[in-house]
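S.K.: First the structure, which I've put down as structure tokens, then a few questions once you've had a look.
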């Protein structure tokens, strides 16, 4: 009699049931199946506080969805290979299924799992799903990784598969009798409990795969048309898809987003201009993941090596630089569009993409503070913190990353505010002390006449800070720093 096939389905950044190739294969091949999530901070960069809350909430939704299909979700903390070895002995596991993740630390874990499994006589089956394409399949004519987005995206688009999406299985193989006793609440994912801060995050995003699909449906049917014109407007809450938190944790696959948007364009060709712009954003996410795969040093080292000598102001050695960093983190720079963005981030765990560029440029160029300081703050406070996108975007803004041309570009926060938040609605939403200022002065309260400030109930320096820097001098300082790279 043939012994039953017992498998482990290892979830990582793929917390969904739909379009999940490893899950589909496991459900078809196994007599018994153990869905498993290991919080293994030895195999990945430890998540920030906001991302841990988001992970907790999405694991809870995933566990519910699995139970509804006759299964469940086992948990463990650290030592993934050790847990797999335990299950091989206690539950007679003979197969392991997982989705391939090209992020360097995740890839290293896959290698360790493969090496252990080979020695234990266990079959490991890996499936694609984290990106649209494997980073090993995209290269320049010289066989090197792309470092410029436009030719990368042109090549990638020609290779994206048109295969159908995998459906969610209606039932799953049963669980073995003996399972780990660790539960979700045992994992250290809620360091701040369910306090006021996490309540703000919960009001901003609904976790789970079903919620992700609803967000995508709403975007396609209500907000895709006009996306190209509205995506840079933070004062228009429905101008972006808000899919990034779900993509970051794998509640929805990039293939699902790609196919659903493409199908919408095919059904209604008039959506093509907006759809193409949106898919280009998905392409930038893809580009970031490919970059991190090929250049695993990016979290700590600039892609443009000459930036290693850039004269950053040290927050460890310069008290004034540390003060400026705190003001930026707290949204107290005296530049309303910057402050609105930083307060939106703290309040909701998310920030509008255009504003991300503005606040990042302000930190690294107006304040001359190292991009890693900003990247670390974003990593800790974003629910959509992604190891590839976060690093690639910060290096791009700093001028030291891929496609960063011109690398000395400096966003003017006042002009950016006037252009993309012309009536000041975004600023008023997150900087309430400026709510009564007329649009003419909403982005420059320091230029408002005394009687205007008095009528708005604002005393500069008390109710709202004056500008943290003189922009003319700060810009000149930044340009001189960039000139030193050329001189060197």
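S.K.: Which of the residues that make up region 373-402 are assigned to a loop (DSSP other than H, G, I, E, B) and under 11 Å from the mean Cα position of the chain (by Cα)?
M.R.: 382, 383, 384, 385, 386
S.K.: May I pose another question? Filtering region 304-336 down to residues that are more than 21 Å from residue 395 (Cα to Cα) and touching a residue at least 24 places away in the same chain (Cβ under 8 Å), which residue is farthest from the chain's Cα centre (by Cα)?
M.R.: 334
S.K.: Still on this model: Which condition breaks for residue 37 when tested against (1) assigned to a helix (DSSP H, G or I); (2) buried (at least 20 other Cβ atoms within 10 Å of the Cβ)?
M.R.: Unmet for residue 37, out of (1) assigned to a helix (DSSP H, G or I); (2) buried (at least 20 other Cβ atoms within 10 Å of the Cβ): (1).
S.K.: So which residues in region 445-458 are surrounded by 17 or more Cβ atoms within 10 Å (Cβ to Cβ) and assigned to a loop (DSSP other than H, G, I, E, B), if there are any at all?
M.R.: Correct list: 448, 456, 458.
S.K.: Right, something else. Could you tell me which residue of region 65-82 is nearest to residue 168 (Cα to Cα), considering only residues that are more than 28 Å from the chain's Cα centre (by Cα) and surrounded by 15 or more Cβ atoms within 10 Å (Cβ to Cβ)?
M.R.: That would be 69.
S.K.: Can you tell me which condition residue 212 does not meet? The list is (1) touching a helix residue (DSSP H, G or I) at 6+ places or on another chain (Cβ under 9 Å); (2) in a helix (DSSP H, G or I); (3) over 24 Å from residue 168 (Cβ atoms); (4) at pLDDT 95 or above, and all the others hold.
M.R.: The one condition residue 212 does not meet is (3).
S.K.: Does region 220-230 include one or more residues that are within 20 Å of residue 390 (Cα to Cα), modelled with pLDDT of 95 or more, assigned by TED's automatic domain parsing to the domain that holds residue 158 and buried (at least 19 other Cβ atoms within 10 Å of the Cβ)?
M.R.: Within region 220-230, none of the residues are within 20 Å of residue 390 (Cα to Cα), modelled with pLDDT of 95 or more, assigned by TED's automatic domain parsing to the domain that holds residue 158 and buried (at least 19 other Cβ atoms within 10 Å of the Cβ).
S.K.: Can you tell me which residues in region 12-34 are touching a helix residue (DSSP H, G or I) at 6+ places or on another chain (Cβ under 7 Å) and either closer than 18 Å to residue 130 by Cβ or not assigned by TED's automatic domain parsing to the domain that holds residue 123 (or both)?
M.R.: Scanning region 12-34 gives 12, 13, 15, 16, 17, 18, 19.
S.K.: I've got another one for you. Hey, among the residues in region 341-372 that are within 21 Å of the chain's Cα centre (by Cα) and not in a helix (DSSP H, G or I), which one's nearest to residue 420 (Cα to Cα)?
M.R.: In this case the residue turns out to be 352.
S.K.: On to the next question. Would you pick out the residues in region 295-340 that are part of a loop (DSSP other than H, G, I, E, B) and in contact with a strand residue (DSSP E or B) (Cβ under 8 Å, 6 or more places away or on another chain)?
M.R.: 312, 315, 334
S.K.: If I filter region 421-443 down to residues being in contact (Cβ under 8 Å) with a residue 60 or more places away in the chain and part of a loop (DSSP other than H, G, I, E, B), which single residue comes out as nearest to residue 348 (Cα to Cα)?
M.R.: Only one residue tops the list, namely 431.
S.K.: For region 368-391, how many residues are over 24 Å from residue 205 (Cα atoms) and surrounded by 24 or more Cβ atoms within 10 Å (Cβ to Cβ)?
M.R.: 1
S.K.: Looking at region 259-280, can you tell me whether even one residue there is part of a loop (DSSP other than H, G, I, E, B), farther than 25 Å from residue 11 by Cα and without any contact (Cβ under 8 Å) to a residue 24 or more places away in the chain?
M.R.: yes
The values are calculated or read from the model by the stated rules, or taken from the named source; none is laboratory data. Computed from a prediction, not measured in an experiment: that's the story for all the values here. All Cβ positions, glycine included, derive from the backbone under ideal geometry; neighbour counts span all protein chains shown.
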